[in-house]
1. In the list B:147, B:121, B:100, which residue meets the criterion of being out of contact with any strand residue (DSSP E or B) (no Cβ under 6 Å at 6 or more places or on another chain) and away from chain A (no Cβ under 13 Å)?
2. If you check B:330, B:321, which single one turns out to be among the small types (Gly, Ala, Ser) and crowded, with 23+ Cβ neighbours inside 10 Å?
3. Just a yes or no: is a residue in region A:245-257 surrounded by fewer than 23 Cβ atoms within 10 Å (Cβ to Cβ), away from chain B (no Cβ under 14 Å) and in contact with a Leu (Cβ under 9 Å, 6 or more places away or on another chain)?
4. Somewhere in region B:5-24, is a residue crowded, with 23+ Cβ neighbours inside 10 Å, of a type outside the set (Val, Ile, Thr), at negative phi and in a loop (DSSP other than H, G, I, E, B)?
5. Among the residues of region B:133-166, which ones are within 22 Å of residue B:374 (Cβ to Cβ) and assigned to a helix (DSSP H, G or I)?
6. Pairs only if they're at least six apart or on different chains, beta carbon under 6 angstrom, first in region B:59-83 and facing chain A (nearest Cβ under 7 Å) and free of Cβ contacts under 8 Å to residues at least 24 places away in the same chain, second surrounded by fewer than 22 Cβ atoms within 10 Å (Cβ to Cβ) and part of a strand (DSSP E or B); list them, first residue then second.
7. Filter region B:240-291 down to the residues that are within 20 Å of residue B:324 (Cα to Cα), surrounded by fewer than 20 Cβ atoms within 10 Å (Cβ to Cβ) and not aliphatic (A, V, I, L, M) and list them by number.
8. With the condition kept exactly as written, say whether any residue in region B:284-299 is among the charged types (D, E, K, R) and not in a strand (DSSP E or B).
Amino acid sequence: MAVSVLERHRVRVTGHVDAQPMLFAHGFGCDQAMWRLVAPVFAEDFRVVLFDHLGSGGSDVDAYDEAAYSGLERYAQDVLDICHELDLHDVVFVGHSVSSMIGVLAQIAEPDVFARLVMVGPSARYIDDGDYVGGFSEADIDELLDLMDSNHLGWQEPLSGMVMPGPELAEQRAELDASFCRTRPDIARRFAGVTFRGDNRADLPLVSVPTLVLQNSNDPIAPPSAGAYVRDHVPGAVLEVIETSGHCAHLSAPSETIAAIRAFVLT
Amino acid sequence: MTGDPTGLFEHAPAAYVVLDRDGGRIREANGAFLALVGRSREDVLGRGLSSMWSVAGRIFHDTHLMPTLELSGRIDEVALEIVTAGGARIPVLLNANLDRSGEHAGEAAVVRVVLFPARHRRLYETELLRATREAEEARSRAVELARSLQQTLIPPVPPVIPRLQMSAVYRPAGAGDEVGGDFYDVFNVAPREWVVVLGDVSGKGIPAATVTAYIRHTVRDLAMQHADPADLLHELDAGLHQQDTDKFCTVVVLRLSESDRGWRVTGSSGGHPLPLLGHRDGTVVELGSPGSLIGILDDARFTTFTHDLADDEFVTVYTDGVTEARRGGGALLGDETLQRLVSRVAADPASVSDAIVAAALAYQDDVAVDDIAVLTLHPTRG
């Protein structure tokens, strides 16, 4: 029996049906749970749509086809399929990390579906190339794929056991699905290859909607040079620096991330 | 460190560090951690733990480890590599949790991390991974071999017989990664004279495929020497007896000769479902009488039937993958159902083979447990 697009990607929709849609796309390594501290706030003013990329989290892994998902184009098509299924227009697309480039490809493919792009920690190319500083070498990425092989077990480990007590933690945990951040190891490894070996620099100038780049001040995955490159090559893009470490501002600095997105969508 | 009078932290038999939640800088480190990384306490305090991973480890740290910790509060058994002050790489397993117990008292949450060196385990895992990859490669080679072999069991291109239309469908069992035992062949033995052979060798895989190859070329050879199909089967039976194999087979042989009056079909079955003779008006009967299995009995019996094929008749031969299709592991599709099905589509003989295979697949929920081969012949004008 055919599984619908919405089931296939575990699409969750909240907020007002008539409000402008805001679609959140998670990056490599986790799933839609990554937006937990940011997305709910926007449900007051937007129709918030969350989903898992195929192969991640609670998506229908049986629908994963290695050949089809060997590039970001298919991931972008999935985003468009979700937009069509929900009949979304004027979408504010918020993509983290590799999903920033997935948003670029989707916007180029169907310019009318999107109103704005928000890129959280984008990089158009992770591997250094001449004067371009992506931050990594080919060998680094090969090593990452090997590392993921040795983490086969860890990536499938279900959320379980005791959690250190904290004020809201028990409550927060209850929201979390048992499939949280689980990825089938072979798919995670291929997604890593597609992500970190990608090069979308040539696509950036083709973006035709207002774009916000959020750059973490200390991001080991997407260095400032990567964010600046995206800003300089997406026509009219603006860049905001979020003072935080790591690659996930939406987790480590949610209020700053929310404020930056809000200011951008209100302009 | 304060509050560690019994050395629970400092002297723990595992490398143990406490990090700032934001930024992951090392706040406290025990003796085992300092020994592991080969650095002094002054050197490590304030440094980000991720700076001690290999580059790949840093990517993993920021894309998976930290998000998981933030969202679920803990992460277990992560395999990473520490790079020591001397540049050596030490495989470790990491467990970590997010400790927010102090937040009640206004203290910031911290991340507690325990590391275990895992050199031997990693060697073992590397071997396991290598073995798994080799097994996967071997399997895909086997699939490739099976597919290649499978293609030798049927003609690469169905021959074109003037004034006799043939439709053949061949469907291997399951996913097609095993060589089946069904085969067919169609070849020219004289001007306006053709032989059709369709059969099923017992078993599957390479042993069955070698017997199939033997039977196909032996039938081609014998067809030049014996005009009578029953004689041919006798010789084939004797030949298979002499082979060093415990395999046997069922075969149906048709010899089609064209004269000015039309097509005459003679045939014989060796333990095989009898050919069906269909008429466009929906009448379906079996042709000939059953014969012995090939390669088993000492006194095998085969008989030849003869039929002059009318312009509105057709002949269908098939393997038992059709009639022995099982619904949910239960009832067989059976001879009667098959004949009713053929009767329903008899008005269009060219559609018979496809209809039979489709029905057999549908009957077993599209998972063919046995190979299926079906071949239908009908005279055409012109």
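1. Numbers: B:121 fails: away from chain A (no Cβ under 13 Å); B:100 fails: away from chain A (no Cβ under 13 Å).
The conditions single out B:147.
2. One residue alone meets the criteria, B:321.
3. There is no residue in region A:245-257 that is surrounded by fewer than 23 Cβ atoms within 10 Å (Cβ to Cβ), away from chain B (no Cβ under 14 Å) and in contact with a Leu (Cβ under 9 Å, 6 or more places away or on another chain).
4. The answer is no; no qualifying residue exists.
5. Within region B:133-166, the first condition is being within 22 Å of residue B:374 (Cβ to Cβ), and the residues that meet it are B:146-147, B:149-161, B:163-166.
Passing the criteria: B:146, B:147, B:149, B:150, B:151.
6. B:76/B:95; B:77/B:93
7. Selection gives B:286, B:289, B:290.
8. First, the residues of region B:284-299 that are among the charged types (D, E, K, R): B:286, B:298-299.
Adding the requirement that they be not in a strand (DSSP E or B) leaves B:298-299.
Yes, because at least one residue in region B:284-299 is among the charged types (D, E, K, R) and not in a strand (DSSP E or B).
The values are calculated or read from the model by the stated rules, or taken from the named source; none is laboratory data. What you see is a predicted model, and the numbers here were worked out from it, not measured in a lab. Quick reminder, even Gly has a Cβ in these numbers, built from the backbone with ideal geometry, and neighbours come from all protein chains shown.
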